[in-house]
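Peer 1: Submitted below is the structure of interest, expressed as structure tokens.
Derivation of every value follows stated rules applied to the coordinates shown; laboratory data play no part. Since we're looking at a predicted model, the values are computed, not measured. Positions of Cβ are backbone-derived with ideal geometry, glycine not excepted, and every protein chain shown enters the neighbour counts.
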């Protein structure tokens with residue numbers, strides 16, 4: 001028997017062949033009555049995710065997407081990369097089959113609230129305004145709090161994780177938002193595909209979503225090694241939509257004396273030195289050698305591909321999505337990047353909402369205009 005693909009499973013079956021008419025059957029070619037309409041079952045949509053912190057109800061996934069995510073991921077087995085100093089990657093190409101990932105991209109683009117955050121940073125006496133070069137949104141709360149399942153006396157609808165007491169309004173600078181069902185299903189499937197050697201999952205409690213409208217949108221080299229993520233954070237990064245380049249390079253040496261995995265961006269294990277973008281690491285080779293080659297990493301991420309950065313990666317490597325110039329092809333296609341991570345203290349919650357929701361306006365995708373359109377320019381965080 002021929003095997004049916006998953007895509008074939010979701011397509012309606014071909015209609016049965018017509019039975020030849022017998023001479024005893026009446027002719028209906030001149031009949032004025034219409035035949036009975038076929039009894040085609042319609043999908044019963046699930047109610048949307050709602051929460052006082054949402055600007056609008058967020059739809060749930062259509063069943064053909066949710067079934068594919070639950071039963072057909074990962075679409076391929078991951079490639080493990082540990083052949084460079086302090087590097088531990090899992091790469092799924094793809095994690096979600098192309099047809100499903102394209103449908104998921106369209107659904108999320110049309111269903112989520114997005115923000116174009118601006119903020120100011122001060123370096124010495126100089127204050128600079130930063131305009132985020134992409135649209136962002138975020139959901140979740142750090143591990144010290146949990147979202148209450150029922151109404152509580154907490155003004156934020158949150159409970160302290162260890163005491164189950166209501167969280168006071170003063171705990172967070174911005175009101176945290178629970179991960180909606182459409183993203184929470186994805187979170188759970190990603191966790192299952194990303195267990196450690198003992199079968200433990202990362203326990204993601206945050207979902208960050210970036211929308212790159214075209215190849216002109218980008219994100220500079222950075223690492224997700226903030227203290228609020230704890231030591232050796234596990235971060236899964238999923239791509240949907242247009243193809244983009246994903247770059248990684250080893251961090252330069254900064255002797256701060258801070259132990260690995262706990263330093264701010266730019267710090268490294270004391271006693272290890274990197275020379276050049278494609279150079280060597282001295283005194284920190286994984287094989288115990290005095291000098292280990294270091295090469296910059298470049299990979300193309302298409303729709304449905306996922307990279308998981310684990311272990312010492314964030315403490316020692318930077319990653320970026322550079323601009324892609326051009327007026328045709330992949331350069332003009334939008335891209336959604338979803339990252340799952342775990343914040344362990346309230347500072348992580350404040351950071352993520354400040355830089356991914358901020359105090360600017362809320363945007364939604366306009367299918368007619370084919371772009372993000374400002375819906376509310378009031379304070380959002």
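Peer 1: Set the Förster radius R0 to 25 Å, insert the Cβ-Cβ distance between residue 63 and residue 320 as r into 1/(1 + (r/R0)^6), and round the FRET efficiency to 0.05.
Peer 2: After rounding to 0.05, the efficiency reads 0.10.
Peer 1: Follow-up. Which value results when the Cα radius of gyration for segment 191-236 is divided by 2.2 N^0.38 Å?
Peer 2: 1.49
Peer 1: Among 101, 154, which comes first, then next, by fewest other beta-carbon atoms within 10 Å?
Peer 2: Taking fewest neighbouring Cβ atoms as first place, the list is 154, 101.
Peer 1: Something else now. Once the convex hull of the C-alpha atoms of segment 129-242 is built, how many Å³ does it hold per residue, rounded to a whole number?
Peer 2: Output value, Cα hull per residue: 168 Å³.
Peer 1: Assuming 0.36 nm per residue, please report the length gained on full extension of the stretch residue 51 to residue 296 beyond their Cα-Cα distance.
Peer 2: Difference between extended and current length: 83.9 nm.
Peer 1: With the alpha-carbon atoms as the only input, what is the per residue convex hull volume for segment 39-117 in Å³?
Peer 2: For segment 39-117, the hull spanned by Cα atoms encloses 173 Å³ per residue.
Peer 1: Using the 10 angstrom Cβ neighbour count as an exposure proxy, how do 206, 56 rank, fewest first?
Peer 2: If I rank by nearby Cβ atoms, fewest first, I get 56, 206.
Peer 1: Turning to a different aspect of this structure: Separation between the residue 81 and residue 192 pseudo-spin-labels, each 7 Å from Cα along Cα→Cβ, expressed in nm?
Peer 2: Output for this residue pair reads 2.7 nm.
Peer 1: Modelled label-to-label distance, residue 222 and residue 245, 7 Å Cα→beta-carbon offset: nm?
Peer 2: Going by the 7 Å Cα→Cβ label model, 2.0 nm.
Peer 1: Further question on the same structure: With viscosity set to 1.002 mPa s and temperature to 20 °C, compute the Stokes-Einstein D of segment 154-201, Rh being the Kirkwood radius across alpha carbon pairs; µm²/s, no decimals.
Peer 2: Reported coefficient: 162 µm²/s.
Peer 1: Something else now. What's the exposure ranking of 130, 235, 338, 297, going from fewest to most Cβ atoms within 10 Å?
Peer 2: Fewest-to-most ranking of 130, 235, 338, 297: 130, 297, 338, 235.
Peer 1: Subtracting the Cα-Cα distance from 0.36 nm times the residue separation, let me have the gained length for residue 129 to residue 375 in nm, one decimal.
Peer 2: Roughly 86.3 nm would be gained on extension.
Peer 1: Give or take rounding to whole Å, what are the principal axis extents of the alpha carbon atoms in segment 92-183, in descending order?
Peer 2: Projected onto the principal axes, the Cα atoms of segment 92-183 cover 46, 45, 25 Å.
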